[in-house]
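The values are calculated or read from the model by the stated rules, or taken from the named source; none is laboratory data. Just so you know, these numbers come straight off a predicted model, no measurement behind them. Heads up, the Cβs are rebuilt from the backbone with ideal geometry, glycines too, and the neighbour counts pull from every protein chain shown.
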Amino acid sequence: MTEPFRKVALIGLGLIAGSMAHAMRENGLALRISGYARSADTRETAREIGLVDEGCDSAADADLVVLAVPVGAMAEVAAEIAPHLAPGAILTDVGSVKQSVIDAVGPQVPEGVHFIPGHPLAGTEHSGPRSGFATLFCNRWWLLTPLPGTDPAALDRLAALARGMGANVEMMEPAHHDLVLAVTSHAPHLIAYTMVGVADHLRRVTESEVIRYSAAGFRDFTRIAASDPTMWRDVFLHNKEATLDILGRFAEELFVLQRAIRMGDGQQLHDYFTRTRAIRRGIIEAGQDTAQPDFGRSPGAGS
């Protein structure tokens, strides 16, 4: 078992930070957990539910500091906490974009502090301090994008923490991370937001029928589109190039399917859907979802 961190400071107290707090406490990975959020209501809720051992106004004395704020706020928050970071501390983040975070945070990190960007590929459509749970990271990937010259011992310790919370750990180049996530997360979310927007427009014409008769596909779109709007606004603004690249490719694929439908080319549609179905099977075989019709989610579940 890895040595527990003496003090972890969580900057931001939403789903990811809250789940980290629960998972670290349940697995004995931290002796003390402090937390801070700009919202007084969030801080009060965190104290009320015992999410953290203490509030904190800075990252002073922590040997692990986690930036769990929207990507667009990283630079400002890093500037505020930088003077208080202890020599030898590990500084990481949980942002969905990596190169932008590195550009914003990296120059502000004091000498002797180990900055190791990270991204847990886990989440739900829920947010806030009450949304976290200890098993969120189990069998999910935690990507680390260490910078050149990163201290191997600090990297190993952060990786061990992620594994201790149940995650699988992989190292990745920041630019490659941003491209991969544009495919697997960012573009799908934008498409979901768009589809729900189209349905909302249609609903105004058909009154409430779109909502009333929503089938499974649309329900899944609305689930994705329920995610935190501030976080996703920042993701698209800070991963602009990769997202636009993937959306361009999506438009080309959509044109191919439009033409097949218009021309009545059933064979092309069948072949295309067969290939994409195999990708879905690969996701199930990798243990990242289940084959159940409801994806193993009970009504109202936030997984």
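Hey, among Pro152, Pro174, which residue is of a type outside the set (A, V, I, L, M) and more than 15 Å from Pro120 (Cα to Cα)?
Pro152
Pro188 meets the conditions (1) modelled with pLDDT of 90 or more; (2) closer than 22 Å to Gly123 by Cβ in every case but one. The failed one is (1). No other residue among Thr124, Thr135, Thr92 is part of a strand (DSSP E or B) and in contact (Cβ under 8 Å) with a residue 40 or more places away in the chain apart from Thr92.
This table checks each residue for (1) surrounded by 17 or more Cβ atoms within 10 Å (Cβ to Cβ); (2) in contact (Cβ under 8 Å) with a residue 12 or more places away in the chain; (3) hydrophobic (A, V, I, L, M, F, W, C).
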residue: Gly35; (1), (2), (3): yes, yes, no
residue: Ala40; (1), (2), (3): no, no, yes
residue: Thr45; (1), (2), (3): yes, yes, no
residue: Ile49; (1), (2), (3): no, yes, yes
residue: Ala62; (1), (2), (3): yes, yes, yes
residue: Leu67; (1), (2), (3): yes, yes, yes
residue: Ala78; (1), (2), (3): yes, yes, yes
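For Ala182, the criteria (1) under 30 Å from Gly50 (Cβ atoms); (2) of a type in the set (A, V, I, L, M); (3) crowded, with 18+ Cβ neighbours inside 10 Å hold in every case but one, which is (1).
Within the stretch 221-236, the residues that satisfy the criterion of being free of Cβ contacts under 8 Å to residues at least 40 places away in the same chain and assigned to a helix (DSSP H, G or I) are Phe221, Thr222, Pro229. The residues listed here are Val8, Val77; of these, the one that is over 19 Å from Asp156 (Cβ atoms) and touching a strand residue (DSSP E or B) at 6+ places or on another chain (Cβ under 8 Å) is Val77. For Glu241, the requirement of being of a type outside the set (Lys, Arg), surrounded by fewer than 11 Cβ atoms within 10 Å (Cβ to Cβ) and assigned to a helix (DSSP H, G or I) is not met. Among residues of the stretch 1-33 being surrounded by 23 or more Cβ atoms within 10 Å (Cβ to Cβ) and among the β-branched types (Val, Ile, Thr), the one that is nearest to the chain's Cα centre (by Cα) is Ile16. Note on the stretch 95-115: residues that are assigned to a loop (DSSP other than H, G, I, E, B) and surrounded by fewer than 22 Cβ atoms within 10 Å (Cβ to Cβ) amount to 5. Selection of the stretch 138-164 for residues being over 16 Å from the mean Cα position of the chain (by Cα) and in a loop (DSSP other than H, G, I, E, B) yields Pro146, Leu147, Pro148, Gly149, Thr150, Asp151. For the stretch 132-162, filtering for residues that are crowded, with 19+ Cβ neighbours inside 10 Å and at pLDDT below 95 leaves 1.
The residue that is nearest to Pro188 (Cα to Cα), counting only those in the stretch 75-96 that are touching a helix residue (DSSP H, G or I) at 6+ places or on another chain (Cβ under 7 Å) and among the aliphatic types (A, V, I, L, M), is Val94.
Only residues that are among the aliphatic types (A, V, I, L, M) and part of a helix (DSSP H, G or I) were counted in the stretch 75-89, giving 6.
Once the stretch 55-74 is narrowed to residues that are part of a helix (DSSP H, G or I) and touching a helix residue (DSSP H, G or I) at 6+ places or on another chain (Cβ under 7 Å), the residue that is farthest from Ile11 (Cα to Cα) is Gly72.
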